[in-house]
1. Which listed residue (10, 63, 32) has the Cα farthest towards the positive end of the charge dipole for segment 2-72, taking +1 on Lys and Arg C-beta and -1 on Asp and Glu C-beta about the Cα centre?
2. Could you work out the mean projected area of the convex hull around the alpha carbons of segment 2-72, in square nanometres to one decimal?
3. Quick one: Karplus J couplings for segment 27-41, per residue in order, coefficients 6.51, -1.76, 1.60, θ = phi - 60°, nearest Hz, x for Gly and Pro?
4. Please sort by residue number the chymotrypsin sites (Phe, Trp or Tyr not before Pro) in segment 18-85 whose DSSP state is loop and whose Cβ has at most 15 other Cβ atoms within 10 Å.
5. If we count other beta carbons within 10 Å of each Cβ, what is the order of 68, 83, fewest first?
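We did not get these values from a lab; they are worked out from the coordinates using the rules stated. These numbers were taken from a predicted model, which means no experiment stands behind them. Positions of Cβ are backbone-derived with ideal geometry, glycine not excepted, and every protein chain shown enters the neighbour counts.
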Amino acid sequence: MFTIICYDIVNDKRRTKVMKLLKGYGTRVQYSVFECYLSTQELAKLGRLLRTLIDLKTDSVRCYRLDTLAVQRIQIVGIGQITADEGYYLVRDRG
């Protein structure tokens, strides 16, 4: 499901770790905002990983799950585009 993840991390080192983790799950669309296509299991795993990286007393990570209709209603003012779910991946054998 299309998921928007945004964060407010107080510490630079923790913020960098969160950013690097999220790069493995989706597309960075703004400084602290990622768009991802995640299954329920992937989101649960990501949540567990995030809890190990952030300070639960000072940091905040928000995950917004959007259904197909909500994604179609997203409006962007200025530059950018909505992250597309590729649906398939090309794997090339270099052998």
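1. Toward the positive end, the furthest listed residue is 10.
2. 4.6 nm²
3. 10, 7, 10, 8, 3, 10, 9, 10, 10, 9, 10, 10, 6, 4, 5
4. Of the chymotrypsin sites (Phe, Trp or Tyr not before Pro), the ones in loops of segment 18-85 whose Cβ has at most 15 other Cβ atoms within 10 Å are 31.
5. 68, 83
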